[in-house]
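Please treat every number below as a calculation from the coordinates, not as lab data. The shown structure was predicted, so the numbers you read here are calculated from the model rather than taken from an experiment. Backbone-built Cβ (ideal geometry, glycine too); neighbour counts: all protein chains shown.
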Amino acid sequence: MPDRARNPHYRALDTLFLKLNLREVNTNGAHQSALVGGKFSGGGYTAEALAHIATQTKADALYRKIDVIIFTPSPRKGQARAETHRSVMTLIHALPRADDTTRFTRIPRSLETYPHGNTPHLLPHQVEVLRARRSPLPDATLALLQQPLSARLAQARVDLNVDGVLSSSQPRRYYGLLPSDLTGRLSTVALMRPIGGRYALEVQRTLVVTDDMAALGDTDLNHRLTLAGMRLMLGVPADPARWKVDPRSLLKLNQPDAVWVSDAGTRHAVEADTGDYSGRLVERKLDSFIQQGYLSTLWGTPSAQRSSNLQRQFGHEYRVDWVHPAWWSA
């Protein structure tokens, strides 16, 4: 954007439509004059909002030869409406990514080891109240929450090495900790869409990651958060011998996201589905898991509706446990 105070080419075009929050920009000759706006939350502007911008700007834009450029995260949403106003409006698909370590900061170490005391998070009578609830926490979690802070911190650090990432909701629920308690780890605040395609659902959460996860983009982090949520919901120990994340084999296709080895020694495929799989791909994966010898499949998706739909479609044909971990929920 040109410097309003010193740039002789600044013509105060953005003051023509103050309520539309457009900004005058210098495009190095690509456009004679340009006003730029954008919206990246909620899937971008609706078609009606784009039409409103076009009708409010069209007369002045045509007269002054101004191009109105709108950025949107959706490659399709609003394109048809923008096309009807192409004389003044250009809609550009752009989805900013923050997928490098520069957005992460190291959680500082506290000078005081246990500022609030090395105490349990729950007392026995509180555990009994939680057990009586409709969706109680796993027994392993309830046992851990009765441990002193030092034991819970040690377990969270070990588990994070397996899961790779935790959201701020997960340390609170399963370890009785705050993200800031995990000192020495990398942390950031991210705005994410947990369920692919559901633009209305956006959550802003603090994420704590291991160093090797810091290079991942939000889509991959969301996938790992869903996988971690499945393990925590089930109370499966974060033991690499019991919960093998991202198994690799050059001889097999459709590998599961993780393998769960039960107490009895049986092997179960684990798949985290954030809503991007087609029905045909779901079926192909389930078939492949059977052929690879897994006793059953644990299929997790953050959407209860999607989980219900998949169960109705495939539950009679395959041996699947359907779960919907909402890693962003308290």
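Before moving on, here are some points about what is shown:
- With θ taken as phi - 60° and the Karplus curve 6.51 cos²θ - 1.76 cosθ + 1.60 applied, the whole-hertz 3J(HN,Hα) list for segment 309-317 is 5, 5, 5, 5, 7, 10, x, 7, 10 Hz, x standing for glycine and proline.
- Cβ-Cβ FRET estimate between SER262 and HIS316, R0 fixed at 25 Å, reported to 0.05: 0.60
- Segment THR46..ARG109, full-extension length gain: 18.2 nm, with 0.36 nm per residue of separation and the alpha-carbon distance subtracted.
- Taken over the Cα atoms of segment 83-183, the convex hull encloses 199 Å³ per residue.
- Between LEU20, LEU91, LEU50, the GNM of the chain built on Cα springs shorter than 10 angstrom shows LEU20 fluctuating the most.
- Positive end of the dipole of segment 70-182 (Cβ unit charges, origin at the Cα centre): among LEU166, PRO124, LEU182, the Cα lying farthest that way belongs to LEU166.
- Remark: spin-label model distance ASP212-LEU191 equals 3.2 nm, labels positioned 7 Å along the Cα→Cβ axis.
- Cβ charges +1 (Lys, Arg) and -1 (Asp, Glu), total dipole of segment 275-330, debye: 60 debye
- Among ASN28, ASN161, ASN254, residue whose mean-square fluctuation peaks in a GNM of the chain (springs only between Cα atoms under 10 Å): ASN28
- Segment ASP220-TYR10, extension gain: residue separation times 0.36 nm, minus the distance between their alpha carbons: 71.4 nm
- Cβ-based charge dipole, the chain, positive-most Cα from THR84, ALA214, VAL261: THR84
- Top positive-direction residue, dipole computed over the chain with Cβ charges, set TYR10, LEU191, ALA241: TYR10
- Tensor-based shape of the chain (alpha-carbon gyration tensor, a/c under 1.5 rounded, otherwise prolate or oblate): prolate
- Nearest-20 debye value, the chain charge dipole, Cβ charges on Lys, Arg, Asp, Glu: 700 debye
- Between ARG76 and GLN146, residue separation times 0.36 nm minus the direct Cα-Cα distance comes to 20.1 nm.
- Each label was represented as a point 7 Å from its Cα along the Cα-to-Cβ direction; for GLN56 and GLU202 these points are 1.8 nm apart.
- The HN-Hα couplings worked out from phi for segment 173-190 by the Karplus form 6.51 cos²θ - 1.76 cosθ + 1.60 (θ = phi - 60°) are 6, 9, 10, x, 10, 9, x, 5, 6, 8, 5, x, 8, 8, 9, 8, 10, 10 Hz, whole numbers, x standing for Gly and Pro.
- Using every pair of distinct Cα positions in segment 177-330, the Kirkwood expression returns a hydrodynamic radius of 16.4 angstrom.
- Crossing angle, helix 47-64 versus the chain [Cα axis fit, 0-90 degrees, rounded to tens]: 30 degrees
- Helix-only mean residue ellipticity at 222 nm for the chain, each DSSP H run of n ≥ 4 adding -39500 (n - 2.57), per residue, nearest 500: -9500 deg cm²/dmol
- Backbone HN-Hα couplings from phi across segment 135-141 [Karplus 6.51/-1.76/1.60, Hz, Gly and Pro as x]: 10, x, 6, x, 4, 4, 5
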